[in-house]
Amino acid sequence: MASFLDRASTVAPVGYNRWLVPPAALCIHLCIGEAYAFSVFNLPLTRLIGITKSAPGDWSLADVGWIFSVAIVFLGLSAALAGAWLDRVGPRKAMTLAALCFGGGFMIAAIGVSVHNLLIVFLGYGVLGGTGLGIGYISPVRTLMSWFPDRPGMATGMAIMGFGGGAMIAAPLSVMLMHHFATATGPGVAATFVTLGIIYAAFMLFGGLIVRVPREGWVPAGYAPAATAQRLVTANHVAADRAMATPQFYLIWLVLFLNVTAGIGVISQASPMIQEMFHGTVTPLAAAGFVGFLSLFNMGGRFFWASLSDHLGRKPTYFVFFFLGIALYILVPHTALLGSIGLTALCFGVILSMYGGGFATLPAYLRDIFGLRHVGAIHGRTLTAWSAAGVMGPVLVDYIRQYQIDHGVPKADAYTVTLYIMAGLLLIGALCNALITPVDAQHHEAIASAAE
């Protein structure tokens, strides 16, 4: 069994079609992308006792919001710790472990819901499930960049777009399952968790079964590295530990942190947010549709923006994210004030496309700056910025919202200040991006392998 999971067992035969690899990545990312739909569980989790509305003893929305944040924290931590291990053992073993962790996390979370113990839910979905998220997230990235050295942005877009699109499937599926399992004594959350855990584990294990890595020295026909060279694209390699001694690592870390913080708060409370901004107009089912709508933009943006970055460059692409994002965050409160659900949803959709695009463009940005050889480990460590943002973003949305409501602000207007703060964070991100330059030659490894 162990040999079947080893990297050597996944080496592709001569003549293997590299376009057969992206489906393996999608099997993983479409499943773990469920995390972006978790907000559909937020309100039901606050009504486990009251059923139709929150009752004494029910969890608060702010407390429930921490489930998503804990999962994102452990996503970043597990990605950072597993990155170098993944580069050694290959994608199949990593994908298998991710499937067991993610599916098992749902099972333990279901127990926590059944006994009404939030700590068990944190340990299940947050800690174990989040670990599965992190390992599953990074497992196909380096593999696809190895298969597509001529188009690394497009490759990472293919690998990561499934993560953004997962909510498009998970949101309506979760609502449908909760409706199916709901009884007079419960909203069906526990049974839904069990069902999702089984489904996702099965598909992720299939992804690990079909994944392949290129044989040593393989390059696509007609590939000419010099033809795609840009000022910020290096032919050298920087080890992961050495990369952390460069200012470029921390600038890219901040770029990711600020871009993610601005978007992840919206994702974590997307369902209740749209219901409160348009109270009485948007139903829970329509809000689930809104989550799916955002997922579509999140998914499409990952492929579109990452592919565009192959032509535009990573640094200019991030400038688009920041400056267009600033304009949209400032615009959203006004579209909501006008009562335009469609325009508000469109603004959030474009914001989420750039949020997803930032993730998809990141591995290629890291490859450009630090080289391909250690990009898995460096990418994993950079994702700790996602962990930090996974706390910061939801906290800004949840607690500023509650502060506003406690001081008499209507729920429909309780998100305005937060959206302006997000615009300010994006401005700082743009400044960090402007400071990114090529890595000093002293950090390069002495020997660069052309096969890499």
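How do Met154, Met95, Met168, Met244 line up, fewest other C-beta atoms within 10 Å first?
Values: Met154 21, Met95 30, Met168 24, Met244 14.
Fewest-to-most ranking of Met154, Met95, Met168, Met244: Met244, Met154, Met168, Met95.
Could you give the size of the charge dipole of the chain about its Cα centre, using +1 on the Cβ of each K and R and -1 on the Cβ of each D and E, expressed in debye and rounded to the nearest 20?
Details: 21 positive and 17 negative charges, 134 e Å.
Computed charge dipole of the chain: roughly 640 debye.
Relative to a virtual label point 7 Å from the Cα of Asp63 in the Cα→beta-carbon direction, which members of the stretch 99-121 show backbone nitrogen distances below 20 Å?
It comes to 108-121, nothing else.
Per 0.36 nm of contour for each residue apart, how much would the distance between Leu285 and Trp19 grow if the chain were fully extended, relative to their Cα-Cα spacing? Provide the component values of the computation, followed by the final result.
On the way: separation 266, 0.36 × 266 = 95.76 nm, distance 3.68 nm.
Residue separation times 0.36 nm, minus the Cα-Cα distance, leaves 92.1 nm.
Cα gyration tensor of the stretch 148-258, axes a ≥ b ≥ c as square roots of the eigenvalues: rounded (a/c below 1.5), prolate (a/b > b/c) or oblate?
Note, shape of the stretch 148-258 comes out prolate.
I'd like the orientation of helix 129-138 relative to the chain: the angle between its Cα long axis and the longest Cα principal axis, in ° from 0 to 90, rounded to 10.
Between helix and principal axis, roughly 30 degrees.
Would you mind giving the average projected area, over all directions, of the Cα convex hull of the stretch 284-369 in nm² with one decimal?
Numbers: hull surface 22.7 nm².
Directional mean of the projected Cα hull area for the stretch 284-369 stands at 5.7 nm².
With the Cα gyration tensor of the stretch 59-167 in hand, give its eigenvalues times 5 under a square root as the equivalent ellipsoid semi-axes, listed largest first in whole angstrom. Provide the component values of the computation, followed by the final result.
Numbers: eigenvalues 174, 41, 22 Å².
That gives 30, 14, 11 Å for the three semi-axes.
With the crude spin-label approximation of a point 7 Å out along Cα→Cβ, what separation in nm comes out for Ala221 versus His116?
6.6
Fewest first, what order do Met299, Met392 take by the number of other Cβ atoms within 10 Å? List each step's numbers first, then the result.
Details: Met299 28, Met392 19.
Fewest-to-most Cβ neighbours within 10 Å comes out as Met392, Met299.
Can you tell me the length gained on complete extension of the stretch Val89 to Ala245, counting 0.36 nm per residue apart and subtracting the Cα distance? Working shown, then result.
Working: separation 156, 0.36 × 156 = 56.16 nm, distance 2.56 nm.
So the chain would gain 53.6 nm between Val89 and Ala245.
Suppose R0 equals 30 Å; then what is the FRET efficiency for Asp440 and His311 from their Cβ-Cβ distance, rounded to the nearest 0.05?
Calculated transfer efficiency: 0.65.
Which residues in the stretch 339-381 have a backbone N closer than 19 Å to a point placed 7 Å from the Cα of Leu331 along the Cα-to-Cβ line?
339-358
Among Leu45, Leu308, which comes first, then next, by fewest other beta-carbon atoms within 10 Å?
Values: Leu45 23, Leu308 18.
Neighbour counts put them in this order, fewest first: Leu308, Leu45.
For the chain, count the residues as N, evaluate 2.2 N^0.38 Å, and divide the Cα radius of gyration by that value, please.
Working: Rg = 21.4 Å, N = 452, 2.2 N^0.38 = 22.5 Å.
Expressed relative to 2.2 N^0.38 Å, the Cα Rg reads 0.95.
Where a number appears in this text, it was derived from the coordinates with a stated rule and is not lab data. The structure presented is a predicted model; accordingly, all values stated were derived computationally and were not measured. No Cβ is skipped: glycine too gets one built from the backbone with ideal geometry, and neighbour counts run over all protein chains shown.
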